[in-house]
Amino acid sequence: MASKSTDPARRNVPVLASQSILSQVAWTLGSPSIVLPFLAVSLELPMFLAGALVSIRMVGSMISDVFFARSIAAQARKKRGIALTEIGIGGCLLMALLIAATGSVSLTAIAFVIAFFMIGLIEESQSLMLSDLLGDHLKSKSRMVIRYLQLGAGGLCAIGLVLLIHEITKEYPPFSRHSAVIAASVVFFLFSALCILGMAEIAPDESGNGKPKGAGRQSLQNIISGIVSMFEQPWFRRYMALRLPLVVVSLSVPFFALIAAEAHHNSAKGLTAMIISSASGYLVSAPLWQLVNMKSHRTVMVAGNLLVAVTGIVLLAFHYAGIDHEVHLHAIALFVVSVATTGISSARQLYFLDVAPKEQRIQGAAAIKSICRLAAVALSAILAAVAHMHEVAAAIVFIVLASIWAAFSCYRIAKPQKASESQA
């Protein structure tokens, strides 16, 4: 009986590791934060739309989270559902690409809105199904190994592949170069879908871990009342005072990518440099911030926010001096903010676990997620409007100011956690 249960588990580790690497390559090459805005700007779509695509994607994620994701994630077998979501995301990218090839700006704008909305809708369901699947079939150590392989091997593969595509297509016009990168992303989404079908999935009744279907489903009224009740808790109010400025900081990657696209969308190496810098940022951030996080979550959050602020100030200085035409400047800026935002994200999640009472963690996490998503939708729409009416640099000014305020908030609110406390 022991071998029967361990053999599928051993087989699943390489299968899920391969799937996570393939999926990471696909997401890097078809990044909704970097690659698609680059394509949107090169197709001369309105700057408001290029910036508002972030909001549209988040609206899709919110709708999925509230109305669909929990019931989908409660399905007994999830690998087919995850495979379908990978195919669905690849299909959204392909649809946007094919319509963009017609040359119609209005049709392309509609296609991009639909694609971003559907990607947000699908990825939220996928995230819940995948986390549940990994929790049911892998041990903690295996999950950690797969996560680092995903960031490391996936990032390296994406860098190598985008360099190869660049060499093959560097003489082609911008749309052809960008299309080749997105087409490669679609292929890797398909590979990822096929790969996960190879795992041995144990149904809940076989493993004894059955969950009642729809157990996590809540009405909209219950969600709102749950959020309101959480504000009665002092720890929650303090955490939200720290968390809300970080919403603006989290928008730095798409808007730094947008200012790079504005300057370099016709460059033969613009998109390649942006993909390499963001992939390298995620590659470096995992081991870097893990070491600092073990000492102090507050240090990571403060340092990350200051990195975003300083990088933005330097980029704005070069921009307003008229000497920001070098693609490497924007690539370095995107690398730094990718490293910074990844560190902030992991540190604030760990800090939440430190301050939230055990009995209020689930309700508190749900409330924070809902509030921050609504705030992100509104703020990204405002920044998109600012970028459209003035220039993207004006949105970067706002992000810099918010980053400085976020660093101050994190320093004042986040109390340093002793090693013994964080491990308790």
Checklist outcome for this item: Projecting the Cα atoms of Tyr172, Ser142, Ala158 onto the charge dipole of segment 137-185, where Lys and Arg contribute +1 and Asp and Glu -1 at Cβ, the residue farthest towards the positive end is Ser142
Checklist outcome for this item: Filtering trypsin sites (Lys or Arg not before Pro) in segment 96-162 by DSSP loop and by at most 15 other Cβ atoms within 10 Å leaves Lys139
Item to check | Dipole moment magnitude, nearest 20 debye, the chain about Cα centre, only Lys, Arg, Asp, Glu C-beta charged | outcome: 1380
Next on the checklist: Beyond a 21 Å Cα-Cα separation, which of these cross-linked pairs lie in this structure: Lys295/Lys415; Lys78/Lys139; Lys79/Lys358; Lys79/Lys139?
Outcome noted: Lys79/Lys358
Next on the checklist: Name the residue from Leu128, Gly364, Ala407 whose Cα lies farthest towards the positive end of the charge dipole of the chain, charges +1 on Cβ of Lys and Arg and -1 on Cβ of Asp and Glu.
Outcome noted: Gly364
Checklist entry - Carbon and sulfur atoms: what percent of the 1.4 Å accessible area of the chain do they account for? => result 67
Item to check | Rg/Rh (Cα only; Kirkwood hydrodynamic radius) as it applies to segment 312-424 | outcome: 1.06
Checklist outcome for this item: Checking segment 317-424 for GluC sites (Glu not before Pro) in a loop per DSSP with at most 15 other beta-carbon atoms within 10 Å yields Glu326, Glu391
Checklist outcome for this item: The Cα radius of gyration of segment 249-371, divided by 2.2 N^0.38 Å with N its residue count, comes to 1.22
Checklist entry - Once you charge only the Cβ atoms, +1 for Lys and Arg and -1 for Asp and Glu, what is the size of the charge dipole of segment 281-397 about its Cα centre, to the nearest 20 debye? => result 560
Checklist entry - From the backbone phi of segment 347-355, what are the Karplus-calculated ³J(HN,Hα) couplings (6.51 cos²θ - 1.76 cosθ + 1.60, θ = phi - 60°) in whole Hz, Gly and Pro given as x? => result 5, 6, 5, 5, 5, 4, 5, 6, 9
Item to check | segment 325-340 - phi-based ³J(HN,Hα) in whole Hz, Karplus 6.51/-1.76/1.60, Gly and Pro as x | outcome: 7, 7, 5, 5, 4, 5, 5, 5, 4, 5, 4, 5, 5, 5, 4, 5
Checklist entry - Using Cα-only point scatterers and the Debye equation, what is log10 of I(q)/I(0) for the chain at each q in 0.10, 0.11, 0.12 Å⁻¹, rounded to two decimals? => result -0.71, -0.87, -1.06
Item to check | Relative packing of 127-138, 78-89, 52-63, which averages over residues the other C-beta atoms within 10 Å, highest first | outcome: 52-63, 78-89, 127-138
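The values are calculated or read from the model by the stated rules, or taken from the named source; none is laboratory data. Since the structure is predicted, the reported quantities are computational estimates derived from the model, not experimental observations. Cβ atoms come from the backbone with ideal geometry, glycine included; neighbour counts cover every protein chain shown. In case anyone asks, the SASA skips ligands and DNA or RNA and just uses the protein heavy atoms, side chains included. Shrake-Rupley method; radii C 1.70, N 1.55, O 1.52, S 1.80 Å.
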